[in-house]
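Below is one structure, written out as structure tokens; the observations come after it.
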Ligand code: NI
């Protein structure tokens, strides 16, 4: 059940969400968003506000009684997408859109901070509300916040993401690996260019690159466990004329893994394939592998505790046991420091057309989902810090 307190505040947090939606800002540039959050957080008695990073905010709520420290994290950045909705509060910034729902994340966490600040007397320990910048752009804002010390003394961290995959009123829950590790590779195949009429004088990097693309797919089918996804080549660049064999071709793509060991060994496996094919063709190569976000791994005990909170608050039907998700999420950076739990908050609603995927120019959020998120955050904190 949603409490009266949350329902009373609902018009307010929906308004906050709309206000943020109209002024989306790209990763690492969330200046107005940070100002907006500061303005509201400062008006809430009992919070201590900190700005450990250039954008992003941390609000600290110290309960009246001693206890452990937990952190809640909401991301606040938007995407380089031209909004194509006809919402009255659509983005005013050309080419930038809150197309992933982070405006909703910020509004929900702001509401939870306001409600929980009124319950200081009952809380044992400390809540750190992390409003994190730059989730969408590696290396990401989470790692910056961690470096700035926001996780010092924190023993549990919680995150939440709205999702148009699951219906409003539900929570997608999973223990263990929730999101994939997302890394990037860049391969340059260097051959010898020349006239297409005289291939014998050339080392054709196009044909070599084509073999590499095909061979890399065998990593997925033959080298890793069948349930482990791995490699996608997404950019192929080379050549300038229809009758000239180019000197080089570049291949760029991403790898997505859940298993830490697969992630660790994948670059070497890939480079071995590239080296072998280039050698056979008489070509040379460069290979670069850049680590992106690690996998979000939900702690088993915290998952169980959160599941219990959701069931008690909203009923058993509210919990959906979900499969791992392919998109990356830099919440994992906080989990390097302590156990964490990340939940998917259902916000899909066929009745009002809120079915578009995230990162889509027509993405619509079912605002009715926000009250579930606010209630969940409040109940979670009460259950974790209700007693010493
Ligand atoms: Ni997102």
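Here are some notes:
- Over the chain, all Cα pairs binned in 20 Å intervals from 0 give whole-percent P(r) values of 26, 50, 20, 4, 0, listed from short to long.
- Where both bridge residues fall in the stretch 43-142, DSSP classifies roughly 60% of the beta bridges as antiparallel.
- Length-normalised contact order for the chain - Cα pairs under 8 Å, 6+ apart - percent: 24
- Proxy reagent accessibility, fewest Cβ within 10 Å first, across 28, 289, 198, 171: 198, 289, 28, 171
- Between helix 102-117 and the chain there is an angle of about 30 degrees, using the helix long axis and the longest principal axis of the Cα atoms.
- Taking the DSSP bridge list for the chain and keeping only pairs wholly inside it, about 65 percent are antiparallel.
- Using alpha-carbon coordinates, inclination of helix 370-385 to the longest axis of the chain, degrees: 70
- Degrees, to the nearest 10: 4-22 long Cα axis against longest axis of the chain: 40
- Ordered by the count of other Cβ atoms within 10 Å of each Cβ, fewest first, 75, 259, 8, 183 give 8, 259, 183, 75.
- Exposure proxy ranking, count of Cβ atoms within 10 Å, fewest first, for 192, 371: 192, 371
- When the chain is treated as a GNM with alpha-carbon contacts under 10 Å, the residue of 210, 117, 90 showing the greatest mean-square fluctuation is 210.
- Entry note, the chain: the mean residue ellipticity at 222 nm calculated from DSSP H runs of n ≥ 4, each adding -39500 (n - 2.57), is -10500 deg cm²/dmol after division by the residues and rounding to the nearest 500.
No value in this document is a laboratory result; all are computed from the given coordinates. Please read these numbers as outputs of a predicted model, since none were measured by experiment. Ideal geometry is used to build each Cβ from the backbone, glycine not excepted, and the neighbour counts take in all protein chains shown.
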